[in-house]
Every structure is written in structure tokens, then in C-alpha cells.
1. Shape of the range 561-600 from its Cα gyration tensor (a ≥ b ≥ c, root eigenvalues): rounded if a/c is under 1.5, otherwise prolate when a/b > b/c, or oblate?
2. Which order do peptides 120-133, 616-629 fall in by mean Cβ count within 10 Å, highest first?
3. For q = 0.25 Å⁻¹, what log10 I(q)/I(0) does the range 657-742 give under the Debye formula with an equal point scatterer on each alpha carbon and no solvent?
4. Suppose R0 equals 45 Å; then what is the FRET efficiency for residue 708 and residue 250 from their Cβ-Cβ distance, rounded to the nearest 0.05?
5. So for each of 175-188, 697-710 I average, over its residues, the number of other beta carbons within 10 Å; can you give me the resulting order with the highest mean first?
6. Quick check on the chain: helices-only [θ] at 222 nm, where DSSP H runs of length 4 and up contribute -39,500 (n - 2.57) each and the sum goes over total residues. Nearest 500, please.
7. Which shape class, rounded, prolate or oblate, goes with the range 171-268 when its Cα gyration tensor gives a ≥ b ≥ c as root eigenvalues, a/c under 1.5 marks rounded, and past that a/b bigger than b/c marks prolate?
8. Go ahead and run the numbers for FRET between residue 42 and residue 358, Cβ-Cβ distance against an R0 of 30 Å, rounding to 0.05.
């Protein structure tokens, strides 16, 4: 009797797993969250995570998000970015853990259903409870680590409760953080800062799918795709099933797999064994300036007896990235066999890590509009993958890597040496586990083109080797970089890039003249002409009205930190080159001119100096909080004039002044050769008398190249003179560029160069701009709504005899506030007497909120609102 029972039991265990209609889905857990300080909470995780617990006087919270972001949203702290209000926020409330609590519902689930809990980012330590049971203790640590738990036995149909006790990072713990571009948030970014998901599946789960692509770069006509993924059998029975893959409608492949009980294994589909993964005439992923960023969809599913146990979808691009070192020892990058000039800016999330989808979309749309092709993430930013998805879709490369936050003791909060602050075994464990998790999280994005595992410094050799071993195992498909500085590693050799400044004001000439530091050669991973003071509208949101003029200490709170807690070099250059400002409006118009002139020159110089120049990253791209430094557009999404200087410099076909050669360049920034182009050059004095004019025809200007016209034969003796440049393609003006120049050149005091600036010993004289008479332009404008976009068309005519300088257009609500994001095809332009210019732009209709007007202003322009 007993013998027969045990025989029957053994036979039943040997039977194949019976197929069920398992639930297969990703369920985001970003609703119904509440938070409260542990100092104000009674009870333990067991009680807090029960339905009987009443979270009285808890705060509504957003997840993903930080504690501080939720408290600001709830009105606990008000106007924290105005004046120096943030200085008055006590840090004591964040020295204790904060509880996060949510409820979520699940339907009835069949036997064998697997429910896994995935946290993509908790800063910094966490203990997790579900329905009165502890999932994990507070040994969970690391702001950039990802944690996955099987909670199948802890959840049930109906309402479930989860409680997470989060503790802020302590000094010396490798956490996410900012450097000198903003103050540290009072809560140290504590919270569940990245998305949380429930993963529902049958007993066999799919994880870590990875698509690697290789291209015949000689022709671009053939590509191969390798697909791999991990399968895990979460049951105590052996399982045999089929892993099926599909790319688009045509490409299908499958493999039968047997998994032992409670085991996992990697399954790989290689093109050598699966010829269908060799693709003819692939649709390649390109950056926006070189082509179209084509994307493919991969679907994976595992079936047992024709029933799906789990499925995953992956968006990927067919592209191949590599790097090279040129004859001068500088590193560059190659996309699909074509060398490209990296042109980008340093991205940062908002200080409270509360970026919305609209904010990120505006930022990437701005990158496209500014004719850039790259953003650099110093630290892995984004509270989910939305930002990277946008870069995939829009053809913007992403340079991803660790932050200098870990490399200096004043930011790390613990000792640092020549290899930074990741020293102890615990610190190295967190760093390497974080590295692995981030690579797995982001590696399918075609926009990610390089992994950077050091910023200002190199990691210590043993740590670097661990990073490289992880890359070899988890992503051998793209280049890596040991440092964003020109360091040389004993493990990987020279970085081949540079980070030698400048970070503060330098004149336009600098980028053409300097041949030792930040000038237009090699790959400058972070640099720029210093401050970009925003417009009045934004200044009024950060500085009290009685402190706006003259410049006061209230301004300095919104400057950068360290050596950049001032505007000294910027203001000195303004005074010496343009004349001392006599009012706030005078200061701001001169600031916007410096912004435009400086950014345009830097990006033009790198484009003109190819192939010696291989990359430029403007420091910075955007703003983490309202500030005066390092931004192409400000915290409120309002472009500075540097924004339009960048857009001008990156025009597909472009004509520009070369400050180094004192001549004109014609630049082809496209992927195609240009046919017949006509360059028109006109030199004028400040009375607008033509001193020199010539038209030159160019033929067959090759892609990504510049043609250097001879130096100008005329060098006006007057202190200030004008240069008007036009480029025509088949009779159509495709580039228009206007320069204010001086016979008294800016001279660099190179002997006093340091890591962040090269001072000047002489300044150009552009002071005559201060005497331009007021100009009233004729303006015709129209706003037209089409679906979700409102288009603006503006026709401007200069009917007088004076120069209309730095003419600026806005779309404003009737309240006077500028509508953002805003996309003008040109702005801060100059209009000569008798000229008519048509300028078009657009905004998103949903951002109007109320009837809008088009506003006209400028350096010497009589304002108009229509």
C-alpha cells in the first residue's frame, strides 16, 4: 500500500509541468504611494505593511521620486529655489529613515503563477515588506543597483500592501549626486527614485534580453544580429519548452530548451546557426545629422505546451559603433563605418530628480533643434528609460558614465586619492554591482555609444579591471572609456580625450587659437565659455526684485560652486568689450550677446577643424535648478541666446567666420556632398558702408568637411566692424551669419592658464554697439493652430537706415509669460536696413493655456506685442 503510494507520487513528479493560462505582464507600481518619517511612525514593517494599518497624516508621494520632491509637491516646503530659501531647510528630518507605503491589486492567479518585484533604483538603503512579511532587510544598498525578488508566496488576489523603509546615503557611500553645478538637496536624494514594477509570468521567466548587431561597414548592405536572454525555471519540476523570437514581421527563430528545477541558463541565437538573423539591406540606425534613426522590435516568448509562460519586447537599432585614435593621439568615434564629430552637451536631471516625460521630451527635442547629436550623462540619469527611448527615436547619441561626485572627498564625504573615492572593498562592491546593473539596464539602446567608467580621474587599476570584466561579459558591443580626462591607464592605455577647460569665460578667438588646452582639436568631453545668464523672466523667478540690480549676493547663490561662485571673468569681459552696463536691461542684453557669440564660436570652431577635432561637449546642456551658469536653456525651459548660437553653428550647410585664420569657412555638416554653393561676403563699417564684398562659388563640398576660403584682404582699421555672410544652395539662402568684429583683437594670457580658464591680456572693442539708435521694425505675425501644434509666422522689415541688432522673438501668454518649449527656426538675428526676414516657429498647443501673442524685442529694438 505504502509502496504504491510513493511510486504514484514519484511518477507524478516526473510528469511535465501542466500548462496554465498564466498572467504575463509588467505592472508598474507608481500609484497610491505615501511617505512619512520613521521618527513619526509607530509600528514595525509587519504592521505598516498590513491592511489594518492606517497611515494617518502621511504625505502623498510620487514614485519614482525622492522624499524632498514629494514634500515640495505637497507644499511642506515652498519656493525652495527662490532666493536662498533652500539654505533654510533643515537636514535633520532626513537623517532618519522614511517609510514609503503603497497598495496594489492583483487578479486571481492560477497555480504556478510567478510574481516578481523589481526595483530599478532605491537611494540608498532599504528594507522591504509585503503583506506583513519581510522581503528584504536593510542590507539592500546602492542608489544605482537594481533589485529583483520573487514574491509569489507573499501576494494574493485583491489588495496587497507594500512598505519600504528607505535610509539616505551616509558619507563615503557611492550614491547618485551632483557636483559643482548646484547645491546638494537636503535629503541627499533619498527615496525610491526609479520605477518599480511587478513582473507577472508562468514558472519560466525571461530576463536580461540583449541584442547585438554587426554591420558590413564597407557597404552597409548586410548586417547580422545576435539575440541572447536568460531563462529561469522558478518551479521545482523540470520544464521543456520553446523560446521563440520574432523581429518585425518576417524574421522568426526558435529553440527548444530544457531547464532543470529551480535553475537558470542563458540562451543565445547566433547568426551562424540561425541564418535568418543575417539581414540584407538593413534599415540602419543613424544620428539625426547623418540619416534616419531606424528602429526594430524584438519579441521573445517562452512556451510550454503552446502556452506562454513569459514574454519580453525589446526595441533596438541595427548599428555599429567603434572608436579610433588619430595620428595626434586623439580619440574619435565611428558610426556604421563613418567618422562623426560628437557635438553635444552635458545633461542633468532636475535637482529633485522629478523630471516629467514632457520635460525630457522637450530637452531631447531641443537637442535636435540645436543641431546637436549627443548628450553626455555624468552619472546614469533618468528615473526610467524614457529619456533613452527618446534619444533612440530622435537619433541623439548618449555618452553614459560615472560622475566626478565619487572622485573628490568634498563630494564623496570620505577620503579620496589619485584614483578617487572608491577605495574600500564595500565601496568597490557597490560600484561594480551598480556598473553591472546599469549596463544590463541600458545596453539595448542604440543611442548609448560609449560607457565611461571614470570622469576626472581613473579608477584604481583593480577596480578598472573589474569594470572591464563586467563589460566583456555583459556588453562587448560598444567602446568604453577609462576617463573623461586625458589620463593614461596602466590597464587600458591612454583615454585619448581631454578635460583641460575652459569652464569660465573665454573670447570667441580662444577656440581657434588655443592648441594646448580646450581649443578645437581632439575630443573635449566637457568645456564651454562659462556662464549663460538667463533672460529677465527667469531671473525674476530666482532673485528678489530688490536684489536684481545692481548685481548682489542674491545672484551668487544661483551661480555655480567652488571657483565658479561668481561672475567675475564674464562681467569683466562684458565691461571691457561692450562697455559697463548702466542698468539691468543693459546688462541682460549684453549678457545675451556674450552667450550667443561665445557658444556659436566654440561649436563653429570644432566643426571647421575636422578631422583634427573629433568631439565637443558643451558644459552644460541644461539646468538642474535655476542658475546663471552652464546652460543652453534654463531650468524653466527658456532658451538663452547660447541656444540660438548653437543652432546657428550646427546648420546643415553653414558659413562662418574663422577667428584664427581671419577668414571665412563653408561647412558641410550633412551626410551628403553639396553641389554648387555660393558664398557671399560683405564687410561693413559701423555706418553700414560696404568696405569689401565678394561672391565665391564652391562645388562638391564633401560630407562632414569644411572649405577654408582665403583670409580677408580687408582688415578695417576702425575699432568695430561688421561681417555679413550668406550661403546659397541652388539660389536659396541656407545660412545667414552676422558678426561684430574688432581691429583690436582679444588676446589670451596663456602663461596664466589654469584648469578652468585662460585669462585675457587684451579685449576686443565692440563698445560702439552701445550707441546703436533705436529701431522700430515693421512686423506682421500670425499664429495658426494645426492639431496639437501652434505655428508662428513672423515677417520683419527694417524700414530705416540703422542696424536692427539681436532681434528676439517670443510667443507669450497674455499674462506675459513665455510659452515653452519653443522652437524658432532662427532668433537673436540681425536685420540690415531695407531687409525683410521671415521667421517661423512653433509651440505645443497644450502649452498655450490661454490666448497668446508674439512679442518682439532686441538689443536696440522698440518692443512690439501682436
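None of the figures in this text is laboratory data; all of them are computed from the coordinates on show. Computed from a prediction, not measured in an experiment: that's the story for all the values here. Cβ coordinates were reconstructed from backbone atoms using ideal geometry, including for glycine residues, and neighbour counts include every protein chain displayed.
1. Details: a/c = 1.79, a/b = 1.30, b/c = 1.38.
Oblate.
2. On the way: 120-133: 22.6, 616-629: 25.1.
Top to bottom by mean Cβ count within 10 Å: 616-629, 120-133.
3. Debye output, listed in q order: -1.29.
4. 0.40
5. Numbers: 175-188: 21.8, 697-710: 14.6.
Those peptides, ordered most packed to least, come out 175-188, 697-710.
6. Rounded to the nearest 500, the figure is -4500 deg cm²/dmol.
7. Oblate, since a/c reaches 1.5 and b/c is not below a/b.
8. Working: r = 39 Å, r/R0 = 1.31.
Using R0 = 30 Å, I get an efficiency of 0.15.
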